[in-house]
Amino acid sequence: MLKALFICLGVFLFSCSDKENEDRLVDLHTVANQDVIAIGFPAEMETTVSINSFVQIEILGLKSNGVDEAVITSDVEWSLSSGALSSIDRSGILTTADNAESITVIARFGYLTESIDIWVSAAVFDQVVALHSDTLIIDMCQSQVLAPVGRYEDDEGGEEIRTVDSTNLALLTWDIFDQEDDELSKRAYIAKVNNQLMLHSLSAGEVNVRATHKETDVVSADLAQTIGSALASIKLCSADSTDLSSCDASSGFSVEQDEVLSLISVGNYLLTDGSDAYQNITRNSQWGLDSDLGDESATVFSTDRQQLEFTSNTDDSTADISVACGLIDQSIEDEDISEGVNLEIPVSCDLNDNCLIDTADITVNPLTVLSFDVTANGVNLTHTETTLFDSRPEEITLNVKANYSNVTTVDVTDEDIYTIIDPVDGLDVIEEKEGTSGVFTVLNAGIAKIEINLLGKSFLAVIEVP
Amino acid sequence: MSTLYHLKLLILSVLLLLPAATVSADPRIYMEFAPSLLRINTPAATTRPLMADFRLGYEFYEHQYEAVLMTSVKEDKLNQLTVDVPSVLSVLYHYVPDRSAQLKLHYILGGSYIHVDSSYPGIGDGSDYYYGLSYGIGFEEAFSSIPQLKLTLDWIQLYHGDRLRINTTSLGIHYEF
């Protein structure tokens, strides 16, 4: 019986080459982990790339709800068609060979496989011929992603017109000129973030864009671009606003000392069908601050430049914040444009058309006192509770610390914050010691009451003197 | 011939010799019941169906031989993937090196046959079967008032493939007749 049992066990042990069956379950876990039911290459993916370049290939996964798509960033197995001289690494970076060739990129994600044919071209980048593959529509104070189109030429005189590859895109510098005088424009600028090109506009008008290749010094022809003026109005809102159409700053803003007030500017664009479209245009708006607080207040853009943050460390004061879109009266420098226009003077629109502005008052309120920490001759006191001393001291010395709303604690013992509450009947128990603050001379036995009051917050110290 | 093949051969040889050496001493039959958490590990993700674990075994001195049946109590889901394990059949050998210890350590070796059902949108339902070498470690402690009744804790790698691992952790009651 036992022998039979162990022979069965032996059969198990020697038949455990079951690994070919693993793929199905492993693949199911792989796709399920990212909730994906189908994969595909992005529609805008370039199918012609240059030799000797690096291209990040991405694959999109369709989520199981059948609607959402997301780039799959892990567990993708990349490969190329056999015989390819180019190579692709585990993260999908295609390194093209130094010869022209036709390759197929294959992405395998779980049980899902997708492939795309790519032509590795020997044509060399010449210059940018268009800012974008489609007509680029941009209005004042808006941003648009650019996908510049370039001309590539091969040794035999042939040319290809295609989206500029990432290698050459990194080697391009961009300048924008006003069409009317060919001066460097302050209407717009082009920024590159993570190899993505963005056109940001500040004011309306006609501009020419020129792209210069750093290595070849080839400058593109003027690429004309119109910045529209469909902005109907601009308004200041709190960054907490959830409904951009209804928010406003008509009643001004108030903020406590040292607290951050986050503001946004909202543009109302008139669409071609007559409807309104409200957008956060904080990044491309021009901000100004008129403050009686001097260096004690400041405004800075948030990291993503989707809001402006105001702070002040002086209370009982006001500041006027202004925000404009268009050609403002004030002079702005190139670095103001690229880093965000945030002036220490008010901005205005008196001299120029196509300039819209909104202003608001900011009231800086003092900090509030949340609580006190009080000791008398080193003994902790509690508000309104009687504390009994063991023996009669000659003096009672208070130490008072105020806990403020900005989570700071300040020793306020020396402030003028004490009021002795005389007993209803009987002799006075204490009197304030002349020339001191928070020190009281004990006169008689009894209950001494001292009220401490600071910024509207009070504390009643009650001490029984034997 | 792989190292793993030689290791299996060695283990099988030892197992085939052991009963002959020890079969005559103090045999006892036992049964065991345990809730068991099965873990199906893949490089990308893990699913954890819950199982009921029944065992019938034969013990003499430091050796235990047992037949194991696990059946599904609760399937597990990973987003839209449903994984269930209708059954696991195992034959296991336990070696208990120190029978006098209060807390007894078990070395476990054997073979398992695992039936896994899965379902995913666009793929439909499917069944997979895995069988192979199993190994693990366990602990056993007797209740002082009822020496035949013991508490056991086992961790067993039921299947160890290239990219797939299936293991189980069980906490059970062991009763000797």
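No value in this document is a laboratory result; all are computed from the given coordinates. This is a predicted model, so every value here is computed, not measured. Reconstructed Cβ throughout: ideal geometry from the backbone, glycine too, with neighbour counts over all protein chains shown.
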Fill in: Length-normalised contact order of chain A in % [C-alpha pairs under 8 Å, at least 6 apart]
9
Fill in: Positive-pole candidate from A:Thr387, A:Ser275, A:Thr73, dipole of the protein assembly as shown, charges at beta carbon
A:Thr73
Practice prompt. Within region A:197-300, list the trypsin sites (Lys or Arg not before Pro) lying in a DSSP loop whose Cβ has at most 13 other Cβ atoms in a 10 Å radius.
Written response: A:Lys214
Response to the item:
Taking the convex hull of the alpha-carbon atoms of chain B and averaging its shadow over every direction gives an area in square nanometres of 11.5
Item to complete: Report the charge-dipole magnitude of the protein assembly as shown in Debye, nearest 20, computed about the Cα centre from +1 at each Lys and Arg Cβ and -1 at each Asp and Glu Cβ.
Response: 5060
Practice prompt. Please give the calculated 222 nm ellipticity per residue for chain A, where each DSSP H segment of at least 4 residues contributes -39500 (n - 2.57) and the sum is spread over every residue; nearest 500 deg cm²/dmol?
Written response: -2000 deg cm²/dmol
Worksheet item: Ranked from highest to lowest mean number of other Cβ atoms within 10 Å per residue, what is the order of the peptides A:143-152, A:80-89?
Response: A:143-152, A:80-89
Fill in: Cα long-axis angle, helix A:22-33 against chain A (0 to 90 degrees, to the nearest 10)
50
Worksheet item: Given the Cα atoms of region A:346-437, and with Rh set as the inverse mean 1/r over their pairs in the Kirkwood sense, what is Rg to Rh to two decimals?
Response: 1.34
Discussion item. In whole Hz and in residue order, list the ³J(HN,Hα) couplings for region A:127-133 that follow from phi through the Karplus curve 6.51 cos²θ - 1.76 cosθ + 1.60, θ = phi - 60°; x for Gly and Pro.
Written reply: 7, 6, 10, 7, 5, 8, 5
Worksheet item: Where the centroid of each part is defined by its Cα atoms, how far is region B:73-145 from region A:219-237 in Å?
Response: 66
Worksheet item: In percent, how large is the relative contact order of region B:124-177, given Cα pairs closer than 8 Å and 6 or more residues apart?
Response: 32
Worksheet item: Taking a temperature of 10 °C and a viscosity of 1.306 mPa s, what whole-number D in µm²/s does Stokes-Einstein yield for region A:152-255 with Rh from Kirkwood over alpha carbon pairs?
Response: 92
Discussion item. Translational diffusion coefficient of the protein assembly as shown at 20 °C, 1.002 mPa s, Stokes-Einstein with Kirkwood Rh over Cα pairs, in µm²/s as a whole number.
Written reply: 64
Item to complete: State log₁₀ I(q)/I(0) for region A:29-89 at q = 0.12, 0.20 Å⁻¹ as given by the Debye formula over alpha-carbon point scatterers of equal weight, solvent excluded.
Response: -0.37, -0.87
Response to the item:
dims of region A:198-288, Cα set, principal axes, largest to smallest, nearest Å -> 55, 41, 20
Fill in: Charge-dipole axis of region B:31-155 as Lys and Arg at +1 and Asp and Glu at -1 on Cβ define it, positive-most pick from B:Ser145, B:Met31, B:Val85
B:Ser145
Worksheet item: Counting partner chain Cβ atoms within 10 Å of every residue's Cβ in B:114-123, what's the average?
Response: 4
Worksheet item: Which Cα, out of B:Thr42, A:His200, A:Ser302, lies furthest along the positive dipole direction of the protein assembly as shown (beta carbon charges, K/R +1, D/E -1)?
Response: B:Thr42
Response to the item:
Taking Cα atoms, the helix B:3-22 axis meets the longest principal axis of chain B at an angle in degrees (rounded to 10) of 40
